[in-house]
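I have placed the structure first, in the form of structure tokens, so that the comments after it can refer back to it.
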Amino acid sequence: MASYKESGVDVEEGYRAVNKYKEHARRTAIPGLLTGLGSFNGMFEVPKGYKNPVMVSGTDGVGTKLDIAFQMKKYDTVGIDCVAMSVNDILCSGVQPLFFLDYIACGKLEAGVAAELVKGVADGCVDTGCALLGGETAEMPGFYDKGKYDLAGFGVGVGEKKDMITGDKISEGDVLIGLSSTGVHSNGFSLVRKLVTNFDDPFIISGKKTGKTIGEVLLTPTRIYVRPVMEVLKKFRKSVHGMVHVTGGGFYENIPRMYPKAKPGKKQLISVIKRDSWDIPPVFGELIRRGADVSTIYNTFNMGIGFVLAVKEADADAILKMFNNNAYKYAKEDIPEMKAYKIGKVAYAKDEVKTQKDNLVFED
């Protein structure tokens, strides 16, 4: 007679993992949370005060950045990435994420490792101001390699329908404000892993060791933009015409996604990006040094700008000042302070937009 444990699934280890999860989830409790971890579902009460509430959802995973975490046996940051990839997408509509659920899959569950992953998820939820409502842990022996986990999740936010930011109000002359990334974030790691073969290599800037390995730098978690952007929207919502989360596909793929389609007989709105208008994190220079294709790098990575807002020109300076005058503390103390920059403007295309790259122009 074969038991479930003999097939590779240890339910007792699963129980230990869930008990550890609960400790982290308690830190994320916010008003509206009706059930904690352990139920078959999660319940969250729609906040009062909305006349016409719209639910906004987003889902994503961490991707192959996880491979670096497992090689380095550092599991407590990729959960932040998991939350960030969803809540930053939700934020693009101008709404506050309310709750998040995660999904962990593995071949052999280790309660300590899984708990570290969930700790990162909880840290991300704390940074966002949303509740960790629930999740799922799937142990699938023979399907995943030993020591490998997958991590994904989704979030839900709510906003007033009339206040949704859709991009329809973007117009020529709007200023593009870019918010600094923490580095590579969670995209392009298939290329990163091809360029970097030893994650224990010292990370060197201008010929000097930084005291960190390149693996540690690459595992810096994705910045969560929810709190600073929501603060700006409280005062300048009518002046913010569009927002973009810069993820896979970099500048060329993501920034154009906020623009409305041109009406018949009208020209298409595009982005005019000013070179050298922001500080590019040294990690991108290291990736170029190791062989990243410079001609396509802005179509792969965020290059130091993880979130972009198209704002009314008259309020651009005030919005920029508000971003840069407010310092936000993060659950992970080594996450660098966010900076905001004027990185360009919105303009009409001079010629017909035929390809994705025609949507964006760099100028000196």
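The values are calculated or read from the model by the stated rules, or taken from the named source; none is laboratory data. Not measured: the values here are computed from a predicted model. All Cβ positions, glycine included, derive from the backbone under ideal geometry; neighbour counts span all protein chains shown. Remember, those area values only see protein heavy atoms, side chains included, never the ligands or the DNA or RNA. Shrake-Rupley method; radii C 1.70, N 1.55, O 1.52, S 1.80 Å.
With +1 assigned to the C-beta of every Lys and Arg and -1 to the C-beta of every Asp and Glu, and no other charges, what is the dipole magnitude of the chain about the Cα centre in debye, to the nearest 20? Each step should come with its number before you reach the end.
On the way: 48 positive and 45 negative charges, 201 e Å.
With only Lys, Arg, Asp and Glu charged at Cβ, the dipole is about 960 debye.
Evaluate the distance, in nm, between pseudo-label points positioned 7 Å from the Cα of D293 and of S190 along their respective Cα→Cβ axes.
1.3 nm
Report in % the part of the accessible area of the chain that belongs to carbon and sulfur, leaving out ligands and nucleic acids; probe 1.4 Å.
Working: 8890 of 17720 Å².
C and S atoms contribute 50 percent here.
Charges only on Cβ, +1 for Lys and Arg, -1 for Asp and Glu: so what's the dipole of the range 91-157 about the Cα centre, in debye to the nearest 20? The partial results should precede the final answer.
On the way: 4 positive and 9 negative charges, 10 e Å.
Here the size comes out at about 40 debye.
How big is the gap, in Å, between the Cα center of the range 198-222 and the Cα center of the range 282-343?
Distance between centres, Cα-based: 19 Å.
Taking the solvent-accessible surface of protein heavy atoms with a 1.4 Å probe, what is the per residue accessible area of the range 227-364 in Å²? The partial results should precede the final answer.
Details: 7360 Å² over 138 residues.
Dividing the accessible area of the range 227-364 by its residue count gives 53 Å².
Where both residues lie in the chain, what percent of DSSP beta bridges are antiparallel, nearest 5?
Around 75 percent of the beta bridges assigned by DSSP in the chain are antiparallel ones.
Please work out the average accessible area per residue across the range 30-102, using the 1.4 Å probe convention, and give it in Å².
Numbers: 3250 Å² over 73 residues.
About 45 Å² of surface per residue is accessible.
By the gyration tensor of its Cα atoms, with a ≥ b ≥ c the square roots of the eigenvalues, what is the shape of the range 112-184: rounded for a/c under 1.5, prolate for a/b over b/c, or oblate? Display every interim value, and only then the final one.
On the way: a/c = 2.63, a/b = 2.14, b/c = 1.23.
Taking the square roots of the gyration eigenvalues as a ≥ b ≥ c, the range 112-184 is prolate.
Counting alpha carbon pairs within less than 8 Å and at least 6 residues apart, what relative contact order, in whole percent, applies to the chain? Could you put the intermediate results ahead of the total?
Working: 775 pairs, mean separation 75.9, N = 364.
Answer for the chain is 21 percent.
How do E172, E253 rank by accessible surface area computed with a 1.4 Å probe, from largest to smallest?
Heavy-atom accessible area, descending, gives E172, E253.
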